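The values are calculated or read from the model by the stated rules, or taken from the named source; none is laboratory data. In this text, all values refer to a predicted model and were calculated from it rather than measured experimentally. Because the Cβ atoms are built from the backbone with ideal geometry, glycine has one as well, and the counts that use them run over all protein chains shown. Ligands, DNA and RNA are excluded from the accessible area calculation, which covers all protein heavy atoms including side chains. Shrake-Rupley method; radii C 1.70, N 1.55, O 1.52, S 1.80 Å.
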Amino acid sequence: MELDVTAFRSHFPALAAGEAYFDGAGGTQTPSSVAQAIFGALQAPLSNRGAGSLAARNAAWYVDDFRSAYGDLSGVPAAGIVHGRSATALTFDFSRTLARTWGSGTEIVLSQLDHDCNVRPWVIAAQRANVTVRWLELDAETGQFTAESVAAAITERTRLVAVTGASNLIGSRPDVAVLSAAAHEVGAWVWVDGVHHAAHSFVDVAALGADFYVCSPYKFFGPHCGVLIANPTLLQDVSPDKLLPSTNESPERFELGTLPYEQLAAATAAVDFIASWGEGETRRERLRSAHEAFAAHESWLLGVLDDGLADLIADGRVVNHSRAQRRTPTTLLTFTDADPAMIADELATQQLIAPAGTFYAYEPAQALGLGESGGLRVSLAPYTSVDEVERLVAAVHAAL
Ligand SMILES: Cc1ncc(COP(=O)(O)O)c(C=O)c1O
C-alpha cells in the first residue's frame, strides 16, 4: 500500500503554516485526532477508575484501551503495558528496582550508541550496586558496534544488556536479536530503548528478544509520555517500591499515583491514527501494513537526501555520520567550514526546521568525536514531502 502523503499531511494542523519539520527524532507534530482525544476525554465525565459511575467507567476504559493499543503495537499482551511519565522516568524507576537483584561480581552491558536515557540510569545503578559495566563500542566509521566489543561484552556474569533499537543521533539499528540471544544464553535480561526505533518500525518485541522495551508516543504522533512493554509473567518477578494502600497487581503497581487518563486516550489515538494508514483484519496487521508504507516513503526520501548532498560529501565540505547499513531516515551532518548551529539557524529562516546538537546522545557524540555543537540532524517522518527534502538540500548548498 502506497502512502498518500498529501492526505496524510492534511491531518496535521501544524504543517499548514509552511514549516518543514525535519526534527521527528526529537518529536513529531500531532494529528487532529490525537489532540481531539485529549479534549474529548476531558470534556466527557471523568473521575478516578471504578465501575460506579460513567465518569469512573470512562477512566477505566481509557486505561484498558491504552493497554490494548500498545499490546497491538508491540505484540505483547495488554497486561505487559506500563504507562510512565517518559522513557527516561521509566528507565530510572526500573533501573533502581532491577539493580536490587544484582549481586556483587555481576556485570551489565551498555552501549556507546545509546541516548543517555538508556545509559546513565544504569551507570548510576551499577555504581550503587558495585556492579561492573561493560560496553558495546561504537565504530565511528561504520556506525555499528565493533565486532570485538560484541564478542567480549556479554559474559557468564552479565545480568542485563541495555541497548537501543535505533540511534536517535545517527539512525543506526543494531542487530538487537543477536545481542538478545547472547544475553539470554547467560540468563541476562535485555532492555531495549525503542524510543527512536518505534517511530520507524513495526515493533515486534518477541522478534527483538527484548525482555523490556520502552518507547515514547510523542515520537510517533502521540502525547508526551513513555510506555514500558514487557512480558507480563516477567513483570510478576519485578517488585517496585509502592504505597501501602495501592494495588500490588501488575502492571498497575508500576504506575505510581493517578494515571493521566486524557493522555492515555491520546496515546491510544496515536496508535489508531497509524493503523488507519494500513490494511488488514486486525489493528496489529494494519500497523504492520502502515509501517511498510511509511518505510517505503521514508527510504525513498532518504535516497533523495543522500543524492542531493552527495557532491558536498564528495568534495569534503559535508561529513555524513549516518553510515550504518541498517538505519532509520535520521542523518547527522557536520560541516568542514561551518558550525552546525549556524546552519540550523540559517535553515530556520527558510522555514526548514532541522536542529543542531548532540540530542542527549552523550556516549555516541563522544565516540564520534563531535564537538559541543554536535551536528545538524535531519530526520524524516511519514509527513515529510519530497518538495521539503529538495528545499532542504538547496538551502544547505546555498548556506555553504
Ligand atoms: C533514542 C531515545 N531514547 C530515549 C529518549 C528519551 O525519551 P523521553 O523523552 O521519553 O524520556 C529519547 C528522546 O529523544 C530518544 O530519542
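Before moving on, here are some points about what is shown:
- Number of positions in the range 108-122 that are within 18 Å of Ile154 (Cβ to Cβ) and touching an Asp or Glu at 6+ places or on another chain (Cβ under 9 Å): 7
- Taken together, the residues in the range 216-239 that are within 16 Å of the ligand (Cβ to nearest atom) and surrounded by fewer than 17 Cβ atoms within 10 Å (Cβ to Cβ) amount to 1.
- Unmet requirement for Ser239, which otherwise passes all of (1) among the small types (Gly, Ala, Ser); (2) modelled with pLDDT of 95 or more; (3) within 19 Å of Phe94 (Cβ to Cβ): (2)
- Hits in the range 326-381 (condition: hydroxyl-bearing (Ser, Thr, Tyr) and not in a loop (DSSP other than H, G, I, E, B)): Thr330, Thr331, Thr334, Tyr362, Ser379
- Number of positions in the range 139-170 that are open to solvent by 10 Å² or more (accessible area, probe 1.4 Å) and either under 12 Å from Ser322 (Cα atoms) or among the aromatic types (Phe, Trp, Tyr) (or both): 7
- Residues of the range 199-215 satisfying the condition of being away from the ligand (no atom under 14 Å from the Cβ) and not hydrophobic (A, V, I, L, M, F, W, C): Asp204, Gly209, Asp211
- Residue count, the range 378-392 (criterion: within 23 Å of the chain's Cα centre (by Cα) and open to solvent by 10 Å² or more (accessible area, probe 1.4 Å)): 1
- Scan of the range 72-103 for residues that are within 16 Å of the ligand (Cβ to nearest atom), hydroxyl-bearing (Ser, Thr, Tyr), in contact with a strand residue (DSSP E or B) (Cβ under 8 Å, 6 or more places away or on another chain) and within 16 Å of Trp189 (Cα to Cα), ordered by number: Thr91
- Listed by first and then second residue, the pairs with beta-carbon distance under 7 Å, at least 6 apart or on different chains, first residue in the range 116-132 and open to solvent by 70 Å² or more (accessible area, probe 1.4 Å), second of a type in the set (S, T, N, Q), are Asn130/Ser104.
- Selected residue [aliphatic (A, V, I, L, M), closer than 26 Å to Val227 by Cβ and within 12 Å of the ligand (Cβ to nearest atom)] from Val109, Val119: Val119
- Look at the range 84-98: where a residue is under 17 Å from His196 (Cα atoms) and a partner is within 13 Å of the ligand (Cβ to nearest atom) and among the β-branched types (Val, Ile, Thr), sitting 6+ places away or on another chain with Cβ atoms under 6 Å, you get Ala87/Val195; Ala87/Val214; Leu90/Val214.
- Counting the residues of the range 64-101 that are closer than 20 Å to Lys242 by Cα and surrounded by 18 or more Cβ atoms within 10 Å (Cβ to Cβ) gives 16.
Condition check ((1) open to solvent by less than 30 Å² (accessible area, probe 1.4 Å); (2) away from the ligand (no atom under 16 Å from the Cβ); (3) among the basic types (Lys, Arg)) across all residues:
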| position | (1), (2), (3) |
| --- | --- |
| Leu259 | yes, yes, no |
| Ala267 | yes, no, no |
| Ala295 | no, yes, no |
| Leu312 | yes, yes, no |
| Ala348 | no, yes, no |
| Ala365 | yes, no, no |
| Leu368 | yes, no, no |
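- Among the candidates Val178, Val163, Val186, the residue that is within 16 Å of the ligand (Cβ to nearest atom), of a type outside the set (Asp, Glu) and without any contact (Cβ under 8 Å) to a residue 60 or more places away in the chain is uniquely Val163.
- Pairs, first under 13 Å from Ala89 (Cβ atoms) and part of a loop (DSSP other than H, G, I, E, B) in the range 211-228, second within 11 Å of the ligand (Cβ to nearest atom) and among the aliphatic types (A, V, I, L, M), C-beta under 8 Å, six or more apart: Ser216/Ala87; Ser216/Val195; Ser216/Ala198; Ser216/Val227
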